[in-house]
Amino acid sequence: MKISVNWLKEYVDLEGISVSDLATRIGARLVEVEEVVDFGAKYKDVLVVRVVSAEQIEGTHLSVCKIDDGGKFAGEIERDDSGLVQVVCGAPNVREGLITAWVPVGATVPCTFGTDDPFVLGVKKMRGYMSNGMLAGADELALGDDHSGIVELNGIKSAVAGASLIDVLGLDDYILDIENKSLTHRPDCFGIIGFAREVAGIFGREFKTPEWLYDDDGVKCQVCDAKVEIEVENKAQCTAYRAIILGLSSNYSTLDGKKQEVSDEKSAFLDEMSVKLLKSGMRPIEKKVDWSNYLMLLSGQPLHFFDYDKMLKVGGASNVKIGVRSAKNGEKLKLLNDKTIEMTTGDIVICSGNVPVALAGVMGGKNTEIDGSTKRILVEAATFNLYNLRSTGMRYGIFSEALTRFTKGQPAELSRFVLAKTASELVDNLGMEKLSEIVEVAEELEPARVEVSAGEINEILGTAFSYEEIEKTLRNVGFGVGCACGKSGKCECEKIVVTAPYWRTDIAILEDVAEEIGRLNGFDNIELKLPERSAKQVDRDEMGDAKQKLRKILMDSGANEILTYSFVSGKLLEKAGLDVANSYRIMNSISPELQYCRQSLIPSLAEKVYLNAKAAYNKFCLFEINKISSKDMGLTTEGVPVESNRVAVMLTDRKNKNWEKGEAFYAAKRLCFEAIRGFGIDVDLVEIAEIDDGAVARSLDSRRAVMLKAGEEEIGCVGELTQDMKQKLKLPDFVAGFEMDVDVLMRLPKRAKRYGAYNNRESIDVSILVDEKMTWAEIEKKIRECFDDTDYFYDLEPLDIYSKDGGKVLSWRIVFGNYEKTLTKSDAQIIMEEIAAVVAGVGGKIV
């Protein structure tokens, strides 16, 4: 966003404030200023001249011109006896008596100023005639795109031979290039008036909001021969829609601010308004459009013009009936840029009758475009749902100054005053007539009122502002300030009622008001001191402790922690085998790749496995501790999505070819149990087919994955990814992982911690031959049953699995002990006999 300092000065007194100080203070208290541009620097050598004579060179389009610069150019140049300078010009409009702009010898052509290849003019022979510099067109002056001829300055009183073009057109200015992303919540600052109001507040200068932003002047029609009706389908999509009809006379324009007959609406060259548009990064187009852009830059409220008679024809009725509704899937509209789009239900359309004539807030339709035949126009000023418009803009790749402002959440009331101002200006300056009154469908919104006290504000900020200082600060930027008990000025109740102006839609609570006070007075001016507070020890963050414990266990095991976006693309969810409809969709996503809340951490980790493997990392392990959310998890009592804390791990070894033997699964399982062991929890392994599969389970191969359960509590899943997911994400064959619910881990009962002599334990390795159909989990569960009713603590570590004699052999290392006594060989023998007995009960034997 570009802000003209001279334009700011029309609304706020900046006397004694340098441009450097202005930019620094704005950067510290409002928004970052990316660059300060000396707008006039490129024009410092350009002079206004009068063409004394212009003789065409026979057989060419060129003319030899004698120009009068009033003798102002001080450089070395050849002049004739009358002191005139010779220039060869090819413009078709060059003629005797023309007042135009001359770029002299040694000067840089403005449109190349500041580029890598600046064009510095010299003396050049053309068709045998010496040419000194050039007479410039609008495009060469970087004052527009017109290349049809040189600029014409006749009619501008200050445009006399020898005058500086800077002075004549008011180009001596500085432009503040604003990084506007941090102003997303401040739509009022996207207009010069609102920005000037903030600057006044920052410097403690008095500011008076123009009356037309408070008063619509009771717009009355002059010749009420046109009617319009408005119907808004969904008030959540359009909180205010206002329109007025104006009659157009093509015989009026604005020069010197007066009605003056000319051949068309376009003035010969730039007037004051056009220069302001150029400084703001917009090019002048045509007077009606220029007025709408000018008022948008001034107020922050976008406007749109429809051809009223075309709307009648499209709607097929005697009166225009405007409808604001959701688009239908597949509904088509040809836009002003000649592009035909196929809309979705997420788009908002403006209709005449039921026929779309505009993509709301984004671009008008070709079927109601104003052109040279337009006699009556319908002017629209509205407020649309910013989230719909953000999605629409991204969907069709359309970005504009108007859309930028709409997506900041324009206050509904602003459109009323700006529309009235627009009608007034077009009537006064373009000779139009009001053919209707303002017609509107708008919600009545009460201004936000917040009750505060000086003490509360000072406690938040660590300051000592008085009531008077707070009142002055807020009144300077348009807030109402009064005593809570209704008395004028400060009183004993010490309570202040702050009333936000309609353009401040971001004010709702005490902290908002405190932030305004601190920001406008400068956070950097607040004394640096520690706040006084109790030294009482805070409660431990149990979730933080649990996450830190997991982090240490996994990092000690060689895993690397990463942090990925909490939002993912719909394509990734589909590749992971997840139901996209079960994910919350982000209405105002910052990217098409970040449109959904994730249901699981595994897909995000899998993406990073692919990227690291692609970067030639062969063997590595990644983990993430973060939150997930899905629709089937429900909502909290506050109506927001329930979130679940998760830990997920993904490991790979590209060179390991034994993935078919299950090595990837066992590597992930070993790491998973290492994490579980740190929480002192006993878990069971359950086939995924036996339970209700969730988001995690759907990403895992049910033949190579298991569910982790503790009693009836589901903790998570561990296993290998499905072949389909591996192929779609281009993952190595050897890849497996797990995901666990940290909230469940924390609430499960823990084994009691006991301490004893380190040597009170035995370690035995056992191998069991079982039928091929028996699962590892079934046999492990049998072994655990042997310890359930004993005083032993124990741990099982998987060692091996292999085929033998038509069955398979499963091997464990069993470490067990007793805190009360030293174990003997007979204790180990008894345990082995019990294991042999339970295994025999399912047809197995110890080998």
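Quick one: which residues, 5 or more positions from ALA710 or on another chain, have an amide H under 5 Å from its amide H? H modelled 1.01 Å from N in the peptide plane, none for Pro or chain starts.
ASP684, ILE715
At a Cα cut-off below 18 Å, give the lysines reachable from LYS804, other chains included and same-chain residues fewer than 8 away excluded.
Straight-distance partners of LYS804: LYS661, LYS773, LYS845.
Using the Karplus curve 6.51 cos²θ - 1.76 cosθ + 1.60 with θ = phi - 60°, work out ³J(HN,Hα) for each residue of region 202-214 in order, rounded to whole Hz, and write x for Gly and Pro.
Those phi angles translate into 5, 9, x, 8, 5, 9, 10, 5, x, 4, 5, 7, 10 Hz.
Quick check on packing: order 273-283, 804-814 by the mean number of other C-beta atoms within 10 Å, highest mean leading. If you can, show how the numbers build up before the last one.
Values: 273-283: 19.8, 804-814: 15.7.
Highest to lowest by the protection proxy: 273-283, 804-814.
Tell me, what is the percent relative contact order of region 753-847, built from C-alpha pairs under 8 Å that lie six or more residues apart?
Details: 139 pairs, mean separation 41.3, N = 95.
It rounds to 43 percent for region 753-847.
Treating only the Cβ atoms of Lys and Arg (+1) and Asp and Glu (-1) as charged, compute the dipole magnitude of the chain about its Cα centre; round to the nearest 20 debye. Spell out each step's value before the answer.
Details: 106 positive and 136 negative charges, 309 e Å.
Roughly 1480 debye, rounded to the nearest 20.
Compute the relative contact order of the chain as a whole-number percentage, counting only Cα pairs closer than 8 Å that sit 6 or more residues apart in sequence. Walk me through the numbers on the way to the answer.
Details: 1688 pairs, mean separation 73.0, N = 847.
Relative contact order here is 9 percent.
Could you please state how large a percent of the accessible area of region 449-525 is carbon and sulfur, counting protein chains only and using a 1.4 Å probe? Mind dumping the intermediate values first?
Working: 1770 of 3680 Å².
Solvent-exposed carbon and sulfur of region 449-525 make up 48 percent of the total.
Report the net charge of residues surrounding VAL441, where surrounding means a beta-carbon distance below 9 angstrom and charges are Lys +1, Arg +1, Asp -1, Glu -1. Intermediate values should be presented prior to the final figure.
Working: positive: LYS235, ARG242; negative: GLU231, GLU440, GLU443.
So the surrounding residues net to -1.
I'd like to know which of PRO592, GLY518, GLY372 lies farthest towards the positive end of the charge dipole of the chain, counting +1 on Cβ of Lys and Arg and -1 on Cβ of Asp and Glu.
Most positive-ward Cα: PRO592.
Taking only DSSP H segments of four or more residues, each worth -39500 (n - 2.57), what value at 222 nm results for the chain once the sum is divided by all its residues, to the nearest 500 deg cm²/dmol?
Numbers: 22 runs with 221 residues, N = 847.
Calculated at 222 nm, the ellipticity per residue is -7500 deg cm²/dmol.
Cross-link list LYS619/LYS709; LYS2/LYS421; LYS227/LYS375; LYS9/LYS157: which exceed 21 angstrom alpha carbon to alpha carbon? It would help to have the intermediate numbers written out before the result.
On the way: LYS619/LYS709 29 Å; LYS2/LYS421 23 Å; LYS227/LYS375 15 Å; LYS9/LYS157 23 Å.
Over 21 Å Cα-Cα: LYS619/LYS709; LYS2/LYS421; LYS9/LYS157.
In Å², what does the accessible area per residue of the chain work out to with a 1.4 Å probe?
Working: 41030 Å² over 847 residues.
Spelled out: the 1.4 Å probe surface of the chain, per residue, equals 48 Å².
Output the peptides 195-203, 69-77, 775-783 sorted from most to least packed, where packing is the average of other Cβ atoms within 10 Å over each peptide's residues. Walk me through the numbers before you get to the answer.
Working: 195-203: 23.6, 69-77: 13.7, 775-783: 17.0.
In decreasing order of mean packing, 195-203, 69-77, 775-783 become 195-203, 775-783, 69-77.
Shape verdict for region 592-737, please, from the Cα gyration tensor: rounded (a/c under 1.5), prolate (a/b greater than b/c) or oblate. List each step's numbers first, then the result.
Values: a/c = 1.81, a/b = 1.24, b/c = 1.45.
It comes out oblate by the Cα gyration axes.
Taking a quarter of the surface of the Cα convex hull of region 41-169, what do you get in nm²? Could the numbers behind the result be given before it?
On the way: hull surface 31.0 nm².
Value for region 41-169: 7.8 nm².
At GLU446 and THR790, where each label point lies 7 Å from the Cα along Cα→Cβ, what is the point-to-point distance in nanometres?
7.3
Once the dipole of the chain is set up with Lys and Arg at +1 and Asp and Glu at -1 on Cβ about the Cα centre, which of ASN329, ALA705, ILE801 lies farthest towards its positive end?
Result: ILE801, furthest along the dipole toward the positive end.
Could you please state how large a percent of the accessible area of region 542-747 is carbon and sulfur, counting protein chains only and using a 1.4 Å probe?
Numbers: 4650 of 9720 Å².
In region 542-747, the share of accessible area belonging to carbon and sulfur is 48 percent.
Using amide H atoms built in the peptide plane, which far-off residues or other-chain residues are under 5 Å from ALA240 H to H?
Correct list: THR383.
For region 375-525, compute Rh as the Kirkwood radius over C-alpha pairs and then the Stokes-Einstein diffusion coefficient at 4 °C and 1.567 mPa s; write the answer in µm²/s, rounded to an integer.
70
Would you mind telling me the share, in percent, of accessible area of region 761-846 contributed by carbon and sulfur at probe 1.4 angstrom?
Values: 2160 of 4680 Å².
Summing carbon and sulfur atoms, their accessible area is 46 percent of the total for region 761-846.
Rg to Rh for the chain: what is it, with Cα atoms only and Rh by Kirkwood?
On the way: Rg = 38.1 Å, Rh = 33.9 Å.
Using only Cα positions, Rg/Rh for the chain is 1.12.
Give, as a single signed number, the net charge of other residues whose beta carbon lies under 10 Å from the beta carbon of CYS65, with Lys and Arg counted +1 and Asp and Glu -1. Spell out each step's value before the answer.
Working: positive: LYS66, ARG95; negative: GLU55, GLU96.
Summing Lys and Arg as +1 and Asp and Glu as -1 gives 0.
Find out how many positive minus negative residues lie around ARG29, taking Lys and Arg as positive, Asp and Glu as negative, among other residues whose Cβ is under 15 Å from that of ARG29. If you can, show how the numbers build up before the last one.
Working: positive: ARG25, ARG186, ARG197, ARG205, ARG519; negative: ASP21, GLU32, GLU179, GLU198, GLU515, GLU516, ASP524.
For residues surrounding ARG29, the net value is -2.
The values are calculated or read from the model by the stated rules, or taken from the named source; none is laboratory data. The structure presented is a predicted model; accordingly, all values stated were derived computationally and were not measured. Neighbour counts run over all protein chains shown; Cβ positions are idealised from the backbone, glycine included. Calculation scope for accessible area: heavy atoms of the full protein, side chains included, ligands and nucleic acids excluded. Shrake-Rupley method; radii C 1.70, N 1.55, O 1.52, S 1.80 Å.
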